[in-house]
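The structure appears below as structure tokens.
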Amino acid sequence: MLDENIKIIKTKDGSIGLYDENLDEIFHSIYGAKTEAFEKFIQPAKIIDNKPLKILDICYGIGYNTKCALENFKNISLIDCVEINKNLVLDSYKFNYRDDIDKIIKSNIEKNDLIHFYIDDIRKVVKNLNKKYDIIFHDGFAPHKQSELWSEELILSISKLLDKNGIYCTYNHSKPVLKALLNSGLFLGKILKDNKTIAICASFNKENILNPLNDYELGQLNTKSAITYKDPFLNFTHQKIIENREKEIKNSNLITLSHYKKFNPNQD
Ligand SMILES: C[S@@+](CC[C@H](N)C(=O)[O-])C[C@H]1O[C@@H](n2cnc3c(N)ncnc32)[C@H](O)[C@@H]1O
């Protein structure tokens, strides 16, 4: 059964979404939980649909990204899913995705076979994973609510699990996250919809990147606004991470984003 603070909402494509009352945060985009999984995670990952795929689904929730991967990739050899809330995982087959996929999820919750569930903090799990994945989904709540899911150190640890030809996908295109991905040695690409960035993909292989960040966008990552979240031992609280970042911004000699834009006008 879902925790009391987690409420069910209907999203615009008809699929069920969730809302966490304690965090005041939605799990899924209101324009469509299912659509979001496809557009921001599966479609970008399709670029490497050419071999038995190992997938890592970070922040599994009720599993839209895993379910959508099962629907779209016929050659999956393994999906490792990480989720801190056990009740979400246990209920995740109940949300009427597609009968055959709901059945696969249910049977794998009962007996891990194709899908393995790690019910714990990703910051602990990441230390014990030693595979290389072809596809990594990273779908944590937004940094202003859970900065610990987006620290430079966590992103570096996650990047070490990515195959050299693999692809990392996230909806989060905030500057500190882009900077942390860049600092991990990844090439970054924009996932566009109606000419707007809706998600990011990253890879060690430049050829996997269709819409790279341009020089103007890369330049923005050298401003204060892109200072990353720091969690050196992967155990700081959200509050501490935010406070430390604010101090770092205050003491930084980097220029501000507005200053940068003033000297690089008309490029947005
Ligand atoms: C935006 S929701 C993910 C939605 C999910 N991908 C889905 O399809 O339902 C974020 C998820 O991260 C989980 N989470 C929060 N902190 C976590 C942590 N430290 N480690 C792993 N999962 C965490 C939450 O319980 C929540 O399910």
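The values are calculated or read from the model by the stated rules, or taken from the named source; none is laboratory data. Since this is a predicted model, take the numbers as computed values, not measurements. Cβ coordinates were reconstructed from backbone atoms using ideal geometry, including for glycine residues, and neighbour counts include every protein chain displayed.
Per this entry, PHE137 is counted among residues that are touching a Phe, Trp or Tyr at 6+ places or on another chain (Cβ under 6 Å), crowded, with 17+ Cβ neighbours inside 10 Å and modelled with pLDDT of 95 or more.
Looking for whichever is exposed (fewer than 14 other Cβ atoms within 10 Å of the Cβ) and in contact with a strand residue (DSSP E or B) (Cβ under 6 Å, 6 or more places away or on another chain) here; the options are PRO265, PRO212. Which one fits?
Testing whether each residue is exposed (fewer than 14 other Cβ atoms within 10 Å of the Cβ) and in contact with a strand residue (DSSP E or B) (Cβ under 6 Å, 6 or more places away or on another chain) leaves just PRO212.
Taking the numbered list (1) within 17 Å of the chain's Cα centre (by Cα); (2) within 9 Å of the ligand (Cβ to nearest atom); (3) over 23 Å from SER174 (Cα atoms) in turn, GLY140 passes all entries but (3).
Pairing residues of region 137-150 that are closer than 12 Å to PHE27 by Cα with residues that are within 6 Å of the ligand (Cβ to nearest atom) and assigned to a loop (DSSP other than H, G, I, E, B), at Cβ distances under 6 Å and at least 6 apart in sequence or on separate chains, gives ASP139/CYS59; GLY140/CYS59; GLY140/GLN146.
Of the residues screened, ASP113 is one that is away from the ligand (no atom under 16 Å from the Cβ) and either free of Cβ contacts under 8 Å to residues at least 12 places away in the same chain or not in a strand (DSSP E or B) (or both). What residue, among those in region 33-55 that are within 13 Å of the ligand (Cβ to nearest atom) and more than 23 Å from ASN211 (Cα to Cα), is surrounded by the most Cβ atoms within 10 Å (Cβ to Cβ)? Only one residue tops the list, namely ALA33. Just to be sure before I move on: is LYS145 within 12 Å of the ligand (Cβ to nearest atom), surrounded by fewer than 21 Cβ atoms within 10 Å (Cβ to Cβ), assigned to a helix (DSSP H, G or I) and over 14 Å from the mean Cα position of the chain (by Cα) in the structure I sent? Criteria not met by LYS145. Scanning region 71-86 for residues that are more than 12 Å from the ligand (Cβ to nearest atom) and surrounded by fewer than 22 Cβ atoms within 10 Å (Cβ to Cβ) returns GLU71, ASN72, PHE73, LYS74, ASN75, ILE76, SER77, LEU78.
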